[in-house]
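Each remark here refers to the structure printed beneath this line.
The values are calculated or read from the model by the stated rules, or taken from the named source; none is laboratory data. These figures come from a predicted structure and were not determined experimentally. Here the Cβ is made from the backbone with ideal geometry for all residues, glycine too, and neighbour counts use every protein chain on show. Calculation scope for accessible area: heavy atoms of the full protein, side chains included, ligands and nucleic acids excluded. Shrake-Rupley method; radii C 1.70, N 1.55, O 1.52, S 1.80 Å.
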Amino acid sequence: MVMSEVPTDEAPDPARPPTRAPEGRRPRMIGRGWVQAAILVTLGGFFVLGFLAMRTYQAQPPIPEQVTTPDGQVLFTGDDIRQGQEAFLRNGLMQYGSIFGHGAYLGPDFTADYLHRAATAVQEQHGGAEAGHARTVEEFRTNRYDAQTGTLVWSAAQAKAFTELTTHYAELLGSPEGKQGLRPNAVTDPAEIHDLTAYFGWTAWASATDRPGKTYSYTNNWPAEPLVDNEPTGHTVTWSVLSLIFLLVGAGALFAAFGRWNFLGWHHRDHRELRFHAPSTVRLTPAQRATAWFFFVMAGLFLVQTLLGSATQHYRADLGSFFGIPLGEWLPYNLTRTWHVQLSIFWVVTSFLAIGIFLAPLIARGWEPRRQALLTRLLLGALVVVVVGSLLGELAGMRGWLGPLWSYLGNQGWEYLDLGRVWQVLLILGMVIWVAILFRGLRRRLRTEHVANLPWLFFLAALALPAFYAVGLLASPDSQFTAADFWRFIVVHLWVEDFLELFTTATVAYLFVLLGVVRERVALSVIFLDIVLYSAGGVVGTMHHLYFSGEPAEHLALGATFSALEVVPLLFLTVEAWSFLQLGARRKSASSTPFPHRWAVMFLAAVGFWNFLGAGVFGFLINLPIVSYYEIGTGLTANHAHAAMMGVYGMLAVGFAMFVLRYLIPEQRWSDRLAAVSFWSLNLGLAWMSFATLLPAGALQLYKVVDAGYADGRSLGYLQGDTNMFLEWLRLPGDVVFMVGGVLPLLWMAWLGIRHRVSRTRSPEEPPETLLFTEIVPDGHSADGGDGLDGEATASTGATVEEQPSGPVPR
């Protein structure tokens, strides 16, 4: 066998004309049709999204100037409603209960709770269930809002119910004993209680009164409440059926297309033999070595997040104490849940920032600019300041210690966007600085590449992260709930499930190219396919979160249709995963040296499993409008959230850490056993959490809602029932396995990456050298035309085949 040089560019494809490129740039390595399709589908999706944003502001429930009795007595004003929303957010009540089904799941949904209690009180005033039902329905469903004067008139019975409920919420939110999941005396100011009751009452009015000219409410008749004849609308049922049809058609069309044409191109046999370099021989740049601290911080935040998750879950098993400790006095449910949710974002983002910085020198052919490591350390310092500052600010804001600055330095209160506005802006700026660091490291390579090639796609995917996270700035505490929820879910869904997914796809694709698993053209096809498929369903599919938030029916129709299409790529990629794993096995068998990244790739394989189950199966289970109508805000939502967030992005974050730590930890200190224990413990613990507790408890809660109404299914009385308590305690073994067997070994390995970090360092002035693997080409075989790397191997290092930046292969 001899070493043979690989051409700088792939062999010409006679089936298509060569792509022209500016002088000095490598030509586009994928067909123009892919690029055009990605652009058109994405622009089309955002055009529809823009239309829906306009309709949100046009059709959201109106806030009246005043709400009066029939004789003109003012019950509350529009300012009271707005101040009630501010009190709701400032006190962290969206992380205790919910509004329009959105928020936390321990406390009541205040919309449904107020509606049920008010309807019960009104019905009793009118003579009970038999005599008063029709009149109760008429009073709640008749829209007495006058847009000209801004006045909403409530009946005398509704006014009396408002007064009674003001007393009820004062007792619930201001209980001196606590033991409701809130700290003792959480809200005691009578003016705040009045404003909060006005806010709850207004949301209940919007959920029961008919839209002008319609026979259903502003929330499409949500929640299910028989006392006011709230039941699924024709839109809810019809679009549920049609979305299933669109799913079948979309899946059939995709499988037919890929059965007819092998678009991805990894089904053929690849004859390359790879020799993997031992991690101990790979020299890292200063910035790559600096990422060791990122992964240690990531693992530390992960541990804290899981501990807070355990405390949060324990409230559902025992409201009184945490194994005898009165935890609610210092760390009430709404605070632990706020921190738990925020840290789930922080630790995953920390890993994603680190892998971007680590990959940049590999993409740049081994080159790194001066002071890149200094900027990397400064970025980590800024991230720690934002994390610690925002968490302490949320504590101070909920305690009322910040006065009028609560929304700037404390907590804005919107679920997933809880952090104060100052910390939110600083986090965005931190991601912008990260993009700047990547650009510094990639700029030489980018100058030599077509904008549709892999290096540019990696950079543009990174650029999209701060851009779309910044959309969350449009949701502020003084925004009307429906509009704020629209922009909030642009972050929760579109940023996470589309653009974080895009960066994930670009990163993993580049890893597999650098590892010699796939050709660059195949990786490009996967990325563009991801853009087309996820943009086709995911952009407009964001609306599946907003079926019942006060949006008009077109949000429900389009959200249901396009959300169903989101499942199509998950089905396809699950099927294609078998072909990909076979390809990985061939790569391993063709290697003459050990494969050093087994556990990193195992975590990536787990991502595929949880992406299908957590995001696909569990997500589609709750996305049909008719199912969402009853289940929104129940345990099935939590089941989907945990399986998708931890199963996909959490496993990815840990997989990225395993990949990098393999080069940071010396060979004699590396432990495959620890990596294996962490892998199996995290996956088994997550599966236990889902199948032992969240899924069965959610299914039982769904039945309760269908049988007795939404308010009953969300009540503390139901959650504290014997069956639910048993299921909550049943979760404990899985949580112990997850934390002790999964998180602690990861933290120890991250510490080893700092304590024994390798000292081999590449100088920025050094020319490109052998990085991760060497390709061996037998005599008589060309390195192109099916056996090469489509030009990526040499393009990555500018060297012969002996100097290729690639690496290990999956098993």
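Across segment 405-447, Cα pairs under 8 Å and at least six residues apart give a relative contact order of 24 percent. Modelled this way, with points 7 Å down the Cα-to-C-beta line, the labels at L248 and V384 are 5.7 nm from one another.
Magnitude of the charge dipole for segment 437-562, about its Cα centre and with charges confined to Cβ atoms of Lys, Arg (+1) and Asp, Glu (-1), is about 860 debye. Remark: spin-label model distance F691-Q36 equals 4.8 nm, labels positioned 7 Å along the Cα→Cβ axis. With protein chains left intact and a 1.4 Å probe, residues in segment 97-153 average 37 Å² of accessible area per residue.
When each of the peptides 69-82, 109-122 is scored by how many other beta carbons lie within 10 Å of its residues on average, the order from highest to lowest is 109-122, 69-82. Taking 0.36 nm per residue of separation and subtracting the Cα-Cα distance, full extension of the segment from D189 to A676 would add 169.9 nm. Please report the spacing between the Cα centers of segment 485-518 and segment 376-391 in Å, no decimals. Here the answer is 23 Å between Cα centres. Ranking L515, L474, F486 by how far each Cα lies toward the positive end of the dipole of segment 471-530 (charges on Cβ) leaves L515 at the top. For the pair A467 and Q668, the difference between a 0.36 nm per residue extended length and the Cα-Cα distance amounts to 68.1 nm.
Taking a ≥ b ≥ c as the square roots of the eigenvalues of the Cα gyration tensor, segment 54-105 is oblate, since a/c reaches 1.5 or more and a/b is not larger than b/c. Working value for segment 622-689: equivalent-ellipsoid semi-axes of 36, 12, 6 Å, each the square root of 5 times a Cα gyration tensor eigenvalue, largest first.
Its Cα gyration tensor gives segment 398-453 an equivalent ellipsoid. The semi-axes, each the square root of 5 times an eigenvalue, are 39, 11, 6 Å from largest down.
A quarter of the convex hull surface defined by the alpha-carbon atoms of segment 389-482 gives 7.4 nm² as the mean projection. Once the Cβ-Cβ distance of T723 and K179 is raised to the sixth power relative to R0 = 22 Å, the FRET efficiency obtained is 0.55. Of the peptides 319-327, 671-679, the order by per-residue mean of other Cβ atoms within 10 Å, starting with the highest, comes out as 671-679, 319-327. Kindly identify segment 419-542 as rounded, prolate or oblate by the Cα gyration tensor criterion: order the square roots of the eigenvalues as a ≥ b ≥ c, call it rounded if a/c is under 1.5, otherwise compare a/b with b/c, prolate if a/b is larger, else oblate. The shape class here is oblate.
How would you classify segment 19-178 from its alpha-carbon gyration tensor, with a ≥ b ≥ c the square roots of the eigenvalues: rounded for a/c under 1.5, else prolate if a/b is greater than b/c, otherwise oblate? Prolate, since a/c reaches 1.5 and a/b exceeds b/c.
Segment 424-459 and segment 685-731 have their alpha-carbon centroids 45 Å apart.
A straight chain from A256 to W751 at 0.36 nm per residue would run longer than the Cα-Cα distance by 173.3 nm. Taken over segment 115-260, the percentage of Cα pairs per 5 Å bin, counting from 0 up to the bin with the maximum distance, is 2, 9, 14, 14, 14, 12, 10, 8, 5, 4, 4, 3, 2, 0. Between R135 and E231, the FRET efficiency from the beta-carbon distance, with R0 = 25 Å, is close to 0.85. As a calculated quantity, the FRET efficiency between K160 and R444 at R0 = 60 Å, using C-beta atoms, amounts to about 0.20. Taking the Cα centre of segment 294-453 as reference, the dipole from Cβ charges on Lys and Arg (+1) and Asp and Glu (-1) amounts to some 980 debye.
Mean separation of Cα pairs under 8 Å and 6 or more residues apart, divided by the residue count, gives segment 335-470 a relative contact order of 26 percent. Our summary gives segment 61-149 a relative contact order of 14 percent, counting only alpha carbon pairs under 8 angstrom and 6 or more residues apart. Think of segment 163-263 as a dipole: +1 on every Lys or Arg Cβ, -1 on every Asp or Glu Cβ, centred on the Cα centre; then among L173, W205, F255, F255 lies furthest on the positive end.
Distance between the pseudo-spin-label points of R25 and E329 (7 Å out from Cα toward the beta carbon): 6.7 nm.
What the Cα convex hull of segment 338-416 gives, in volume per residue, is 94 Å³.
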